[in-house]
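As structure tokens, the structure follows; a few thoughts come after it.
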Amino acid sequence: FFEGTPEAIVPDNLKSAVIKSSRFEPTINETLADLAEHYETTILPARAYKPRDKSLVEGAVKILYRRIYVNLKETKFFSLEELNQQIWDLLDTHNSRKLTGRPYSRKELFLEDEKQKLRLLPQERFEIKYQSFATVMQNGHVQLSQDKNYYSVPYQYVKKKAKLLYTKSTVEIYYKYNRIAVHERNYKPYVYTTTPEHLASTHQFVAQWSAARFIDWASSIDESVGEYIMQIIESRNHPEQAYKSCLGILNFEKKVGKERLINACKRALDFRIYNFKTIQNILENNLDHIDFEQEPEQELPSHGNIRGKHYYN
């Protein structure tokens, strides 16, 4: 509005500006302090219980109430844009009106005397920063709970509690007032945003996990293995939840051989049960060696408490 920044801003002691008032060193709201730093200005709160510090502001509020609100209260508006436009017009009229007993208006006084004393505005607009706290997980990521997604930090901060400051476009991660990572904000939930240099060598392979990669890997072993891995991924609400199960199943190729893994997946597909434990049980009990079609059907023993299939007819 002013196209410049004043050397100081004098707010009242409201909580959105001053967290704790003090005669000598008031505690400024963190977001307001960020705004002051961005615009290279200073926050100088009015003294508590000193109404004369605010007399000019209170007087201006009273005048604006009389010249804007009074002219609006009897008028009907059918959109917010229409109301705002009327407020802007009345404000411009107020600023262009000659001051009482003086040959100039508020606008002329500002342009001739005050505007040249303002600092230039920074190139970028101020973005409000929100904060969150999270413990760095074992995989070297922290969760931004607002979006339910994850951002990497250097691996030496695993299990440390970090502070996240985020705007509409960026996420900054701090540990003990030192910024340890910065990422572009991603609004898609359950997504990992990873900088490879942040991860230990043991974690860098994990960072490359994807549904397509596991399906391609499984399909290269056999079509049935690829189908089973795809069914596991499809059965989860989010693909990332299936990655460890997929890795465990595919690692059986090294342990038991390609042929046994293929047979285990074929058998599990017939069962229509899609998880790591199913494949593990089939292999541990050597069920992959049994032909599923020739497996003898066991009949239920005769017992008074067994209702039998005819009960449901």
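Looking at (i) 0.99; (ii) 1.26; (iii) 1.11, which value of Rg/Rh (Cα atoms, Kirkwood Rh) comes from a calculation on the structure shown?
Read-out taken from this structure: (ii).
About the Cα centre of the chain, how large is the charge dipole given +1 on each Lys and Arg Cβ and -1 on each Asp and Glu Cβ? Please answer in debye to the nearest 20.
1880
Please give the solvent-accessible surface of Val10 in Å², to the nearest 10, using a probe radius of 1.4 Å with every protein chain present.
Ignoring ligands and nucleic acids, Val10 comes out at about 90 Å².
Shape of segment 68-138 from its Cα gyration tensor (a ≥ b ≥ c, root eigenvalues): rounded if a/c is under 1.5, otherwise prolate when a/b > b/c, or oblate?
It is oblate, given that a/c is not under 1.5 and a/b is not larger than b/c.
Would you list, by chain and number, the aspartates and glutamates whose Cα falls below 18 Å from the Cα of Lys168, excluding same-chain residues fewer than 8 positions away?
By straight Cα distance, Lys168 reaches Glu30, Asp34, Glu124, Glu127, Asp147, Glu184.
In a GNM of the chain with a 10 Å cut-off on Cα contacts, which of Gly248, Gly257, Gly101 has the highest mean-square fluctuation?
Highest fluctuation among the options: Gly101.
So, with a 1.4 angstrom probe, what is the percent of accessible area on the chain that is carbon and sulfur?
The nonpolar share, carbon plus sulfur, comes to 50 percent.
Straight-line reach from Lys160: which lysines have a Cα under 18 Å away, not including same-chain ones fewer than 8 places off?
Lys176
Kirkwood Rh, segment 218-273, all Cα pairs: how many Å?
11.2
When the helix-only estimate is applied to the chain (DSSP H runs of n ≥ 4, each -39,500 (n - 2.57), divided by the residue count), what is the mean residue ellipticity at 222 nm, nearest 500 deg cm²/dmol?
So the helix-based figure for the chain works out to -9500 deg cm²/dmol.
What percent antiparallel are the DSSP beta bridges of the chain, to the nearest 5?
Once the DSSP bridges in the chain are tallied, antiparallel ones form about 85 percent.
If you average the sequence gap of Cα pairs under 8 Å that are 6 or more apart and divide by the length of segment 109-262, what percent do you get for the contact order?
15
Tell me the relative contact order for segment 1-92 as a rounded percent, counting alpha carbon contacts under 8 Å between residues six or more apart.
Answer for segment 1-92 is 24 percent.
Using amide H atoms built 1.01 Å from N in the peptide plane, name the residues 5+ places from Thr195, or on other chains, whose amide H lies under 5 Å from its own.
Residues meeting the amide H criterion: Ser152.
Going by the alpha-carbon gyration tensor, a ≥ b ≥ c the square roots of its eigenvalues, is segment 1-61 rounded (a/c under 1.5) or, if a/c is not under 1.5, prolate (a/b greater than b/c) versus oblate?
Taking the square roots of the gyration eigenvalues as a ≥ b ≥ c, segment 1-61 is oblate.
What are the lysines whose alpha-carbon lies under 17 Å from the alpha-carbon of Lys54, with same-chain residues fewer than 8 places away excluded?
Once the sequence-local lysines are set aside, what remains near Lys54 is Lys15, Lys62.
Test of understanding: express the Cα radius of gyration of segment 149-204 as a ratio to 2.2 N^0.38 Å, with N the residue count.
Compared with the compact-globule rule of thumb, segment 149-204 sits at 1.10.
Solvent-accessible area per residue for segment 12-101 at a 1.4 Å probe radius, Å²?
81
Run the numbers on the chain and let me know its relative contact order in percent, using alpha-carbon pairs under 8 Å that are six or more apart.
Here the relative contact order equals 9 percent.
The values are calculated or read from the model by the stated rules, or taken from the named source; none is laboratory data. Just so it is clear, the structure is predicted and the values come from calculations on it, not from any experiment. With ideal geometry, Cβ positions are generated from the backbone for all residues, glycine too; neighbour counts draw on all protein chains shown. We work out accessible area using only protein heavy atoms, side chains counted, and drop any ligands, DNA or RNA first. Shrake-Rupley method; radii C 1.70, N 1.55, O 1.52, S 1.80 Å.
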